[in-house]
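See structure below.
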Amino acid sequence: MALARFVSPLLVMVCLCSAQAGHTTKTPAPAISSVEATVHVIEVPWSATPACSHAFVAHRLDFIHGARLREINTYISNGAGVAVNDLDNDGDLDLVFASVDGQSTILWNEGGLRFTPETLDARFTRGVATVDVDGDGWTDIVFTHRGLEPPSFWRNVGGDSGTPRFERHTLPGVDRYAYAMAWGDLNGDGALDLVTGSYGAELKQHGILRPENEPKAGVFLHLQKHGTWESHRLDERAETLSIAILDLTGNGRPEIWAANDFALEDKVWTYREGQWKEIRPFDRTSHSTMTIEWGDIDNSGRLALFTTDMNPYDTSPRNLARWLPVINHLGEYRAPGDVQIMANVLLLPGRDGRWSNQAVARGVDASGWSWAAKYGDLDQDGYLDLYVVNGMIAADLFGHLPNGELVEENQVYRNRGDGRFAAAPHWRLNSSASGRGMTMADLDGDGDLDIVVNNLRSFAQIFENQLCTGESIQVDLTWSHSPNRHAVGAQVTLYTDRGAYRRDVRASGGYLSGDPTRLHFGFPAGTRLDTLEVQWPDGAISTLQKPMPNRRIHIVREQPEKAYGAIK
């Protein structure tokens, strides 16, 4: 692969502002200082030319989970996730699948949508994240598990043959039960911290009848320091299906959002006056929140938060009859003062700092029995579209249906250019294979976003993007002397003559899944690209003038600063 390479001696003033952390733990603040940093820029052209059918094309992958079980009941029915990242540092994005009934699997990307499977002895897994935990430049794998296990850490130790080896380790100090997780730097020391949440309904199946009285259950903040973690419980009650780390208050520091199943309300904590304190910023939340997703859907600079729930998109009498076990709980299922509704919720911020629900007005309140949801500019018109995966298999809930399965089609919504959405069935993303975990990434190197889904009891799928519209750039960040090597938490904004497009670097996201740290920006053909701006997690700003389209831009920060201790 040819590299069009140039080095830009950008001098960047880095402002490390004093951060006040904030429940029951003192969090150290970073020191105030300013230094200059040099950023190197490497450009890589697309490695493939897109095929054009003006739709998505489904490909079956060599992985399936749930098929070994004779019957699926709750909460096996919740399935497992998928993560995407470059595990062998060859430029191609690899796949990692969790499995509720067997071994987890890596699919090594060989190019051209060809993958080589490798099983890991990580069994009965739920969530998965691909994240450089120890800051050594190799992306590791972390799983959450069914039952009474803490997360497992699979350290990437590299490999002489080009294919890395993974060694199982523990995360020292992290011994709590975990269903969902999220990664981010929550105290500004440069190291990645971990937030986990247990799932009380499943713990009861394993003999813990009162999870709120179990010291290892709940929502926990695990702060990393020199390769070990200090764990602090934020809440003893948890039915946590998804966790997000993002700035919800506009104070420049991340909040923690734990999304809960059933009647247990979602919880949000902010760091204030030396403690993590619960706040209530939302006028509505989903009743059984499956996933949390966020992005700038109208290019206004403000985030739109999206959560999924159970709400049928087909309200015909025939379809509602299939929903009998839950139909009586739909609609206005709220106790006095309860902000929860059994529907998808799309929250936008108001001037008073509170977030209001606009899902109905924006056309995305009902997408079925929904699990993972992701924003992504699928048609590369400069606006984020939305994809939601659906379906439910549970013999104890749907015994009146064949194979105990509520069969539903996944739903895709095209952004109309104003932050409102319209169904796009002509994109052919209407799989009915009972998807659970899902994420988006350019898996064939042609510049546009493909979609990968971990289905329950059906083979996993890639949906190859053959829409052939618009242009794009992709951005990789490397923070060489930081334990946060991929700059998780950074904000990248592309300024163009058609508007500004914002993306955030994440290591985990959505339902049980892991997002790639590589960012995708789509835009209409002929768009003038003015500036690419990186706001690093410590507040540094890097600016690249007039980037060229149709390439991957790798920005390497070589700031000579103290590297924090790695896991031994």
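For residue 74, project a label point 7 Å along Cα to C-beta. Then give me every residue of region 107-148 with its amide nitrogen under 20 Å of that point. What the label zone holds, given the 20 Å backbone N cut-off, is 126-127, 146-148.
When each of the peptides 519-525, 340-346 is scored by how many other beta carbons lie within 10 Å of its residues on average, the order from highest to lowest is 340-346, 519-525. On the basis of the beta-carbon distance and an R0 of 25 Å, residue 361 and residue 541 show a calculated FRET efficiency of 0.10. Placing a label point 7 Å from the Cα of residue 459 along the Cα-to-Cβ direction, the residues of region 70-112 with a backbone N closer than 16 Å are 107-108. In this structure, residue 113 and residue 428 have a Cβ-Cβ separation that, at R0 = 22 Å, corresponds to a calculated FRET efficiency of about 0.85.
Calculated from the alpha-carbon coordinates, region 79-132 shows an Rg and a Dmax of 11.0, 31 Å respectively.
Here is the P(r) of region 86-245: all C-alpha pair distances, binned every 5 Å from 0, give 2, 9, 18, 20, 19, 15, 9, 5, 2, 1, 0 in whole percents. Note: region 380-487, Cα convex hull, 161 Å³ per residue.
Annotation: amide H of residue 242 within the under-5 Å range of 259, sequence separation 5 or more or interchain, hydrogens built in the peptide plane. Considering all alpha-carbon pairs of region 358-426, what whole percent are spaced by more than 13 angstrom? Summing the P(r) of region 358-426 above 13 Å gives 67 percent of all pairs.
The average projected area of region 442-568, computed from the convex hull of its Cα atoms over all directions, is 10.1 nm². A simple charge model with +1 on the Cβ of Lys and Arg, -1 on the Cβ of Asp and Glu and nothing else charged puts the dipole of region 459-517 at about 200 debye relative to its Cα centre. Using only side-chain charges placed at the Cβ, +1 for Lys and Arg and -1 for Asp and Glu, the dipole size of the chain relative to its Cα centre rounds to 740 debye. The simple Förster model, with R0 at 56 Å and r as the Cβ-Cβ distance, assigns residue 327 and residue 525 a FRET efficiency of 0.75. Qualifying trypsin sites (Lys or Arg not before Pro) in region 294-382, where qualification requires a DSSP coil assignment and no more than 11 other C-beta atoms within 10 Å, comprise 351.
Hey, if you put +1 on the Cβ of every Lys and Arg and -1 on every Asp and Glu Cβ in the chain, which of 48, 534, 468 ends up farthest toward the positive end of that dipole? Sorting the options by dipole projection puts first 534.
Taking every DSSP helix (H) stretch of at least 4 residues in the chain, weighting each as -39,500 (n - 2.57) and dividing the sum by the residue count yields a mean residue ellipticity at 222 nm of -500 deg cm²/dmol.
With 10 Å bins beginning at zero, the pair-distance distribution over Cα atoms of region 52-154 amounts to 15, 42, 30, 12, 1 %. The magnitude of the dipole of region 400-536, with charges of +1 and -1 set on the Cβ of Lys/Arg and Asp/Glu and taken from the Cα centre, is near 320 debye. Choose one of 275, 299, 264: the residue whose Cα lies farthest towards the positive end of the charge dipole of region 264-304 (beta-carbon charges +1 Lys, Arg; -1 Asp, Glu; about the Cα centre). Value: 275.
Building the convex hull from the alpha-carbon atoms of region 253-328 and averaging its projection over directions returns 7.1 nm². Each label point was placed 7 Å from the Cα along the Cα-to-Cβ direction; for residue 90 and residue 302 their separation is 4.6 nm.
Kirkwood-type hydrodynamic radius, region 165-305: 16.0 Å, calculated from all non-identical alpha-carbon pairs.
Applying Stokes-Einstein at 37 °C and 0.692 mPa s to the Kirkwood radius of region 50-100, computed over alpha-carbon pairs, gives a translational diffusion coefficient of 234 µm² s⁻¹. Calculated from the structure at hand, mean projected area of the Cα convex hull in nm² is found among [x] 30.1; [y] 26.2; [z] 23.9 as [z].
Applying both filters, DSSP loop and at most 12 other Cβ atoms within 10 Å, to the GluC sites (Glu not before Pro) of region 239-323 gives 273. Once the chain from residue 558 to residue 213 is taken as fully extended at 0.36 nm per residue, the excess over their C-alpha distance is 119.4 nm.
No lab work stands behind these numbers, since they all come straight from the coordinates. On a predicted model such as this, the values are computed, not experimentally measured, just so you know. Positions of Cβ are backbone-derived with ideal geometry, glycine not excepted, and every protein chain shown enters the neighbour counts.
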